[in-house]
């Protein structure tokens with residue numbers, strides 16, 4: 001005569017863990033079934049009934065109960081040595097795929113894809129994808145970079161970051177640059193509006209009109225932007241923009257302006273004008289370090305939100321759109337907030353002198 005097994009005894013913490021595993025989750029299916037079986041056993045359900053509900057044999061249920069009674073949850077979810085599914089791809093093959101990914105290239109191509117690697121190694125594309133995913137390899141992706149070779153990199157970096165974090169008293173800090181060669185582009189055919197199930201569309205080809213250059217100065221404290229469009233970006237236009245800034249900033253304040261190393265900003269005519277206006281102080285970012293100038297972030301905004309998808313039949317149309325964006329921005333200006341860590345983390349390793357690198 002068969003007797004029902006006694007109810008499995010569970011501590012409060014053990015029941016909580018098993019209930020968590022038994023819920024639909026990313027846990028392996030075998031662990032989910034095992035957790036549910038142990039919970040049913042704790043409720044006094046017979047092994048045969050548990051086996052039917054879990055879709056396993058009664059012998060498996062008894063084995064799970066016996067292991068739990070002996071070890072609790074100590075080895076729950078661990079597969080005993082020699083048991084479980086055997087790997088179909090050898091460790092040597094995995095190592096060969098990883099090595100080829102890192103050190104080789106397919107014939108005539110710049111990088112591997114799942115299919116080209118699968119053909120080269122005699123495995124399936126899915127296998128390659130699993131191996132790459134497990135090791136964080138993404139040969140289809142590439143990021144660009146450029147290291148500054150400015151010999152005064154540290155000095156200029158400290159100067160600019162210091163203005164952001166500790167601006168001088170009785171002064172304004174402006175980030176200034178030119179967005180040059182903004183082309184007035186008119187689409188070859190009218191754009192189509194967005195509707196349900198379809199994004200807005202525009203033709204890939206366009207009519208190219210003349211260009212304009214936007215001079216812009218971002219107030220670091222307030223987010224207000226002073227902007228002016230000119231046909232070109234020579235020292236004459238830069239001087240006109242400096243005069244505009246001089247008029248707009250109250251006379252009692254000094255002006256610290258962060259610029260890049262474009263030759264226009266260092267022209268003798270500009271220097272002569274600055275000598276006559278001592279409240280202007282120009283601070284130059286290191287070469288190849290435009291990311292230090294906050295106005296570059298604002299340029300990305302105006303490109304994404306007002307220029308890239310715009311339709312301009314003439315340069316005046318383009319300038320009108322830029323001025324409208326400036327007006328909207330300055331009606332509710334919002335400054336960009338950077339911390340010292342975020343700025344300094346962008347400092348490239350090559351900024352250090354070779355002797356400093358070698359000593360670390």
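Is it the case that some residue within the range 87-106 is in a strand (DSSP E or B) and either assigned by TED's automatic domain parsing to the domain that holds residue 238 or out of contact with any strand residue (DSSP E or B) (no Cβ under 6 Å at 6 or more places or on another chain) (or both)? I'd like the intermediate steps shown before the answer.
Restricting attention to the range 87-106, the residues satisfying the condition of being in a strand (DSSP E or B) are none.
No: zero hits.
May I ask you to say which residue of 304, 317 is under 30 Å from residue 203 (Cβ atoms), in contact (Cβ under 8 Å) with a residue 24 or more places away in the chain and in the same structural domain as residue 183 (by TED's automatic domain parsing)? I'd like the intermediate steps shown before the answer.
Numbers: 304 fails: in contact (Cβ under 8 Å) with a residue 24 or more places away in the chain.
It is 317.
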Checking residue 67 against (1) within 49 Å of the chain's Cα centre (by Cα); (2) modelled with pLDDT of 80 or more; (3) loosely packed, with under 13 Cβ neighbours inside 10 Å: exactly one of these is not met. Which one? (3)
Among the residues of the range 242-254, are any touching a helix residue (DSSP H, G or I) at 6+ places or on another chain (Cβ under 7 Å) and free of Cβ contacts under 8 Å to residues at least 60 places away in the same chain? yes
Going by the structure shown, is residue 260 free of Cβ contacts under 8 Å to residues at least 12 places away in the same chain and under 22 Å from residue 212 (Cβ atoms)? no
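Out of 160, 128, report the one residue that is in contact with a helix residue (DSSP H, G or I) (Cβ under 9 Å, 6 or more places away or on another chain), in contact (Cβ under 8 Å) with a residue 24 or more places away in the chain and either closer than 30 Å to residue 246 by Cβ or in the same structural domain as residue 292 (by TED's automatic domain parsing) (or both).
On the way: 128 fails: either closer than 30 Å to residue 246 by Cβ or in the same structural domain as residue 292 (by TED's automatic domain parsing) (or both).
From the options 160, 128, the qualifying one is 160.
Looking only at the range 107-122, filter to residues that are surrounded by fewer than 16 Cβ atoms within 10 Å (Cβ to Cβ) and out of contact with any helix residue (DSSP H, G or I) (no Cβ under 6 Å at 6 or more places or on another chain); which one of those is nearest to residue 94 (Cα to Cα)?
122
The values are calculated or read from the model by the stated rules, or taken from the named source; none is laboratory data. No experiment lies behind these values; they were computed from the predicted model shown. Cβ atoms come from the backbone with ideal geometry, glycine included; neighbour counts cover every protein chain shown.
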